[in-house]
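Participant: Below is a structure I'd like to ask you about.
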Amino acid sequence: MSRIGKLPVTIPAGVTITVESGNEVTVKGPKGTLSRKLPQDMTIAQEEGKLTITRPNDLKRFKALHGLTRTLINNMVVGVTTGYVKRLDIIGTGYRAAKSGNKLTLNLGYSHPVEMTDPDGISSEVEGTNKIIVSGIDKEKVGQYAANIREKRPPEPYKGKGIRYENEYVRRKAGKAGKK
């Protein structure tokens with residue numbers, strides 16, 4: 001039995017979950033609505049403020065989908081109640097970020113500023129000039145947008161310059177050894 005899959009998903013107050021034919025799950029909460037089509041092999045049952053997911057048998061494929069299905073539903077519930085946040089730090093002389101409307105402008109040492117537009121349902125804020133906060137209700141979209149921002153200038157191992165996640169550890173390398 002999947003340790004994650006067998007755990008029930010607790011439905012908090014103010015959240016409604018509807019399961020339609022073909023395992024189309026819609027979660028409505030105070031922050032918004034999310035819907036997702038989940039594997040049809042899994043059985044999703046709702047009872048007394050909890051959602052349970054069961055698999056048809058113990059084939060390897062169903063074991064893998066069991067925990068995945070439960071986690072995807074739980075991520076939707078957490079998203080519509082509290083939301084998700086990713087924080088990025090910009091480190092480097094002259095590196096900065098600015099926000100105007102839904103456009104994020106990054107100056108990262110290139111000959112041109114890098115402009116990015118916030119996707120639907122995702123918002124980004126700039127704190128000071130070197131901190132970016134990406135937030136939204138869909139965990140997958142928040143993580144992907146933060147990864148796209150980081151991709152513009154990933155941290156390099158010699159001086160540590162670049163865009164990194166807030167608590168990311170960047171392994172540093174020694175520079176070139178000089179002659180003796």
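Participant: Which whole-Hz ³J(HN,Hα) couplings does the range 144-158 yield from phi under the Karplus relation 6.51 cos²θ - 1.76 cosθ + 1.60, θ = phi - 60°, glycine and proline marked x?
Facilitator: For the range 144-158, the Karplus-derived couplings read 5, 5, 5, 5, 5, 5, 4, 5, 5, 7, x, x, 9, x, 8 Hz, x marking Gly and Pro.
Participant: What is the sum of charges, Lys and Arg at +1 and Asp and Glu at -1, for the other residues whose Cβ falls under 14 Å from the Cβ of ASP118?
Facilitator: Numbers: positive: LYS86, LYS99, LYS103, LYS141; negative: GLU115, ASP120, GLU125, ASP138.
Within the 14 Å Cβ shell, the charges total 0.
Participant: Could I ask something else about it? Given N residues in the range 122-180, what is Rg(Cα) / (2.2 N^0.38 Å)? Could the numbers behind the result be given before it?
Facilitator: Numbers: Rg = 15.3 Å, N = 59, 2.2 N^0.38 = 10.4 Å.
My calculation over the Cα atoms of the range 122-180 gives 1.47.
Participant: Just to be sure I understand: with springs between alpha-carbon atoms less than 10 Å apart, which residue in GLY29, GLY160, GLY128 has the highest mean-square fluctuation in the Gaussian network model of the chain?
Facilitator: GLY128
Participant: For the range 11-96, what is the per residue volume of the convex hull drawn over the alpha-carbon atoms, in cubic angstrom? Don't jump to the answer; show the numbers that get you there.
Facilitator: Values: hull volume 11.0 nm³, N = 86.
Roughly 128 Å³ of hull volume per residue.
Participant: Let me ask you something else. As I understand it, the value is the acute angle between the Cα axis of helix 60-81 and the longest principal axis of the Cα atoms of the chain; what does it come to in degrees, rounded to 10?
Facilitator: Orientation of helix 60-81: about 70 degrees from the principal axis.
Participant: Residue farthest toward the positive end of the dipole of the chain, with Cβ of Lys/Arg at +1 and Asp/Glu at -1: which of LEU7, ILE53, THR93?
Facilitator: So the residue we want is THR93.
Participant: Right, something else. Roughly how many whole Å is it from the C-alpha centroid of the range 14-40 to that of the range 104-119?
Facilitator: So the two Cα centres are separated by 35 Å.
Participant: Can you give me the Cα centroid spacing of the range 76-99 and the range 54-72 in angstrom?
Facilitator: Cα centres, the range 76-99 to the range 54-72: 32 Å.
Participant: Here is a further query. For the range 164-173, in order, what is each residue's ³J(HN,Hα) by Karplus, 6.51 cos²θ - 1.76 cosθ + 1.60 with θ = phi - 60°, in whole Hz (x at glycine and Pro)?
Facilitator: For the range 164-173, the Karplus curve yields 9, 5, 3, 9, 6, 9, 9, 6, 8, 10 Hz.
Participant: Could you work out [θ]222 nm for the chain from helices alone, using -39500 (n - 2.57) per DSSP H run of at least four and dividing by all its residues? Round to the nearest 500 deg cm²/dmol.
Facilitator: -6500 deg cm²/dmol
Participant: Just order 50-58, 67-75, 104-112 by mean Cβ neighbour count inside 10 Å, highest at the front, would you? Don't skip to the answer; put the middle values down first.
Facilitator: Working: 50-58: 15.4, 67-75: 19.9, 104-112: 13.8.
Highest to lowest by the protection proxy: 67-75, 50-58, 104-112.
Participant: Which Rg and Dmax, in Å, describe the Cα atoms of the chain?
Facilitator: 21.2, 75
No lab work stands behind these numbers, since they all come straight from the coordinates. None of these values were measured; they are calculated from a predicted model. For neighbour counting, all protein chains shown are included, and Cβ atoms are generated from backbone atoms with ideal geometry for every residue, glycine included.
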